[in-house]
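Contents: one structure, followed by commentary.
The values are calculated or read from the model by the stated rules, or taken from the named source; none is laboratory data. Computed from a prediction, not measured in an experiment: that's the story for all the values here. Here the Cβ positions follow ideal geometry from the backbone for every residue, glycine too, while neighbour counts run over all protein chains shown.
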Amino acid sequence: MTAHRKRVTILGSTGSIGRNALEVAEAHPGVFEIVSLSAFRNVDLLAEQAERFRVKRVGVGEGASGSGFPPDVEVVEGSEALASLASDPDVDLVVNALVGAAGLGPTMAALRSGKRVALANKESLVMAGEIATRAAEESGAELIPVDSEHSSIFRCLAGVPAAEVAGVVLTASGGPLRDVPPGDVAEADVDSVLRHPTWTMGEKVTVDSATLVNKAMEVVEARWLFGLPFERIDVVLHRESIVHSLVRLADGTMLAHLGVPDMRVPIQYAMLYPEPPDGSFGECPPEKLGALHFEPIDYDRYPCFLLVLEAAKRGGTGATIAATADEVAVDAFVGGSIRFGDIATVIEETLAAVTPGAAATVESVLDAEGRAREAAAGAVERLKVREA
């Protein structure tokens with residue numbers, strides 16, 4: 001295995017991905033040293049994690065420091081604290097499990113510092129893919145995907161000459177509303193939307209699975225991670241979530257990566273990389289798989305998918321505007337302010353209200369994010385008035 005313990009920071013350690021990353025660390029005693037952790041508000045769980053893994057530093061949201069941390073743990077607050085954890089010279093690997101636009105700053109800090117980044121934060125590449133990949137090239141940093149789809153592609157591409165790759169296919173479970181009658185989808189309640197049939201994830205990602213926004217974002221991620229144009233990235237519905245992605249080859253054949261739907265598998269791969277995984281979180285014997293189904297995406301059922309993807313294809317800050325609008329809309333839906341069907345309306349109205357510009361710098365991306373957040377909040381307020 002490794003010659004010395006990998007020194008790790010996990011940003012967003014109290015969320016689903018963060019907790020799974022800590023499980024992976026515990027499954028490999030002597031391999032990882034957890035140097036620091038962060039959480040936005042869940043300081044009680046963060047304090048428990050800090051004590052269990054004997055970390056040196058923790059980062060928390062502004063004003064959420066609390067008093068339950070071990071006395072020898074340094075507590076830092078706010079967005080700048082996350083950047084400092086991500087660029088810490090005592091850290092080898094940054095696991096970015098943050099949700100939303102808050103993950104961009106720490107990703108950039110880690111990449112500019114030459115770190116290996118196990119990336120679960122979709123928005124980092126959706127909002128600033130060109131900037132992030134350029135920063136990695138300049139510093140020698142590495143981006144290792146944590147999403148199961150991109151992890152699968154990453155593994156399938158190992159040793160395959162670039163000229164042989166014709167394209168990739170991402171698979172989507174279809175989310176918790178995939179069998180709901182089309183006329184009932186818009187009125188789906190929060191409990192139904194958060195009841196995913198395959199994966200156990202946080203609220204934001206689960207809602208994005210129901211709208212397929214997550215898959216549109218994953219197309220954008222794949223574009224930057226693998227240097228492929230949008231027309232060479234396809235998406236199919238695959239209910240069983242066993243085939244996580246496929247790679248199309250120039251001779252018409254395909255490579256597929258199959259595995260149990262358990263996020264610890266891609267997290268383990270990213271955390272151990274470049275060493276191969278040496279532990280299993282479950283196997284899927286071929287004789288027990290049964291039939292595997294693949295279907296085209298029904299865009300009428302998933303209008304948000306095309307809204308986000310078309311915004312990204314227009315280039316510049318279009319993807320930032322769409323992703324921000326979705327973040328605001330999902331918060332409003334989970335909070336009970338708007339209907340599920342209104343998520344698409346918020347994204348559409350925000351894209352109409354905010355003109356995209358060049359995504360040349362992080363500052364220009366964050367400016368677009370701010371304008372989109374304001375426009376999306378306005379759209380939410382209008383929808384609340386309509387439905388009052």
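Assorted remarks:
- In the condition set (1) crowded, with 21+ Cβ neighbours inside 10 Å; (2) under 16 Å from M263 (Cβ atoms); (3) not assigned by TED's automatic domain parsing to the domain that holds A97, G174 is compliant with all but (2).
- Where helices (runs of 4 or more DSSP H) fall entirely within segment 84-183, those with at least 2 residues that are among the β-branched types (V, I, T) and at pLDDT 95 or above are at 122-139.
- Selection from segment 117-142 of residues that are crowded, with 24+ Cβ neighbours inside 10 Å and more than 21 Å from V308 (Cβ to Cβ): V117, A118
- Among the residues listed as E348, E363, E381, the single one being out of contact with any strand residue (DSSP E or B) (no Cβ under 7 Å at 6 or more places or on another chain), under 22 Å from G103 (Cβ atoms) and among the acidic types (D, E): E363
- Residue tally, condition touching a Lys or Arg at 6+ places or on another chain (Cβ under 8 Å) and under 16 Å from R264 (Cα atoms), over segment 95-121: 0
- Test: residue in segment 304-326 that is within 28 Å of P181 (Cα to Cα) and surrounded by fewer than 17 Cβ atoms within 10 Å (Cβ to Cβ): yes
- Some residue of segment 83-106 being closer than 25 Å to A319 by Cα, small (G, A, S) and free of Cβ contacts under 8 Å to residues at least 40 places away in the same chain: yes
The rows are residues; the columns are (1) on the phi < 0 side of the Ramachandran plot; (2) outside any helix (DSSP H, G or I); (3) among the hydrophobic types (A, V, I, L, M, F, W, C).
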| position | (1), (2), (3) |
| --- | --- |
| P274 | yes, yes, no |
| C284 | yes, yes, yes |
| E287 | yes, no, no |
| I297 | yes, yes, yes |
| D300 | yes, yes, no |
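- Counting only residues that are part of a helix (DSSP H, G or I), within 20 Å of the chain's Cα centre (by Cα) and free of Cβ contacts under 8 Å to residues at least 24 places away in the same chain, segment 1-45 holds 1 of them.
- Single unsatisfied condition, E295 versus (1) within 25 Å of V169 (Cβ to Cβ); (2) among the acidic types (D, E); (3) in contact with a helix residue (DSSP H, G or I) (Cβ under 9 Å, 6 or more places away or on another chain): (3)
- Qualifying residue in segment 319-335 (condition: at pLDDT 95 or above, in contact with a Cys (Cβ under 8 Å, 6 or more places away or on another chain) and within 25 Å of R223 (Cβ to Cβ)): yes
- Filtered residues of segment 277-292 (kept if of a type outside the set (D, E, K, R), modelled with pLDDT under 85 and farther than 11 Å from I242 by Cβ): G279, S280, F281, G282, P285
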